[in-house]
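Each remark here refers to the structure printed beneath this line.
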Amino acid sequence: MRVRVFVNGEEIPTTEVESRFEPAKSILVNRISEVKHPLEWQGEDIQGKVNAYQGDQQGQWDTASVFWQNVRNSEYVSRHYGFIRGAGPAGDEQGVGKLMIEDPVTLFSTVPFSKRYDEPSTGTVLNDVVDEFNANTPFDLSLGSVDIEKIEGADLWGDIVAGAVEDVGDDVVGGLLGETNTDGQIFGNTRSAIGREMKTSKSFKSNEHTIKSAMDWLSRISRGNYRLSGAKPLKLIFDTDDSQTTHYTSTAINGKNKVADRNMKFGGSYRANDSPAIDVINSNVLSETGVINTITVNGKSGSSLYGMDVSPLNSEKYPSVTVEEPALVKRAGGQAVKGPIQTTDDKTLEAAEGSAKKKLQEKIVNSGEGTIESFCAPLLIPGDFITTIPECSDMVPNANLTPITVQVNHVRHHKKHDDEARTYAGVSPVAKKNEMRIVESEMKKI
């Protein structure tokens, strides 16, 4: 599988490419790519084609696009469109240059913002952000709320929708797809969120705030997040209902051999609950993360109510609740792996049950991070889910283990010279409170 890099619409030869996608507070995806290339190629000065950003937003600096090839259908997908932050020799590698491509979202913190809002709609704030960004940077940003053309022949899954095809030079390169999603909801729920009014007021001052301040505020009060698309034309995508998350299912499940099956289309055992497939090669999820599956929470007795000595019927009793995560208990052979007993201020069983589920969820999610390695999966982003065998290596999955669902924290795509392109996802176990089971719930005597 290949990767293709374009600088100002012109493709350049590469020797090694790495793209990293990580969240940053309310930014769902912040992208950065590192590209190594020959200084000269077939008599051309490749390094001379690149002008790096120097902090002068009105200066001459270059944009670049990185297209990763999807192992499932061989299409190239634009996953990073940004500006060149730095360029120069690649250290000790003779005859090799390196350039760094950054996400335009990082420029949000460089654009001053001055507005006063009284119960604004989400769309009002988003449009103001877009206008200020376009007025102060060379990019042409718009909201991700436009109709998107379907790309015929893009054999991915369902009714695949795609962003604009990348314009390189004078011609449109066939087979290069822009931003994609799978649920028919174009670019998250930006469209449905635009008319939502917020019952609050806020002032931004240009000497104190930037458009990032505005987006962070909007994300906080709307409980949402935002990102920019990875393709031209650049889109601001604002999401408040996780409609941008995708659930992938590993082809390692059922003992499938990834070398033989890697070029198979979706369907049959490769598709579970309408999930797109991902070709997992290595997974160390359970070996790198904790396996706590049960927790007990003890509340307070009625006698400690508000710090006063009172004597209701339950004054000498406290709520004690034990909950478990059934899927993790099953993976532990039916054994309870208990975390430390937790204490809360809860005085009723109902409150203690809610606290117990929340604390078990926190323990599982924060138990550590594992890594999933796959053949190139360019559409994978932070926030996505993967169901896979928890531990497998190379081409031999451990099909005897029960599959586990994890959430993606960050993503790294890597391609070096003639090697296969690989995707590495840092993941954490998923715990849903509505799937937990209460093992014990009773008022106990002190």
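Considering Gly97, Gly48, the condition of being over 30 Å from Leu218 (Cα atoms) and touching a strand residue (DSSP E or B) at 6+ places or on another chain (Cβ under 8 Å) is satisfied by Gly97 alone. Picking from residues in segment 1-55 that are among the polar types (S, T, N, Q) and at pLDDT below 90, the one that is surrounded by the fewest Cβ atoms within 10 Å (Cβ to Cβ) is Gln42.
For (1) in contact with a Leu (Cβ under 9 Å, 6 or more places away or on another chain); (2) in the same structural domain as Lys49 (by TED's automatic domain parsing); (3) farther than 22 Å from Ile237 by Cα, each residue gets a yes or a no:
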site	(1), (2), (3)
Tyr81	yes, yes, no
Arg85	yes, yes, yes
Asp92	no, yes, yes
Met100	no, yes, yes
Tyr117	no, yes, no
Ala135	no, yes, no
Phe139	yes, yes, no
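All conditions but one from (1) of a type in the set (Phe, Trp, Tyr); (2) at pLDDT 85 or above; (3) touching a Lys or Arg at 6+ places or on another chain (Cβ under 9 Å) apply to Tyr270; the one that does not is (2).
Hey, any hits in segment 90-108 for a residue that's in contact with a Ser or Thr (Cβ under 6 Å, 6 or more places away or on another chain), in a strand (DSSP E or B) and closer than 16 Å to Phe6 by Cα? Scanning segment 90-108, I find at least one residue that is in contact with a Ser or Thr (Cβ under 6 Å, 6 or more places away or on another chain), in a strand (DSSP E or B) and closer than 16 Å to Phe6 by Cα, so the answer is yes. Candidates are the residues of segment 78-129 that are under 21 Å from the mean Cα position of the chain (by Cα) and β-branched (Val, Ile, Thr); the one that is surrounded by the most Cβ atoms within 10 Å (Cβ to Cβ) is Ile101.
Taking Thr371, is it among the polar types (S, T, N, Q), outside any loop (DSSP other than H, G, I, E, B) and more than 29 Å from the chain's Cα centre (by Cα)? So Thr371 does not fit the description; no. Of the residues Glu166, Glu132, the single one that is over 24 Å from the mean Cα position of the chain (by Cα) and either modelled with pLDDT of 50 or more or closer than 27 Å to Trp68 by Cβ (or both) is Glu132.
The values are calculated or read from the model by the stated rules, or taken from the named source; none is laboratory data. Please read all numbers here as calculations on a predicted model, not as lab measurements. Here the Cβ is made from the backbone with ideal geometry for all residues, glycine too, and neighbour counts use every protein chain on show.
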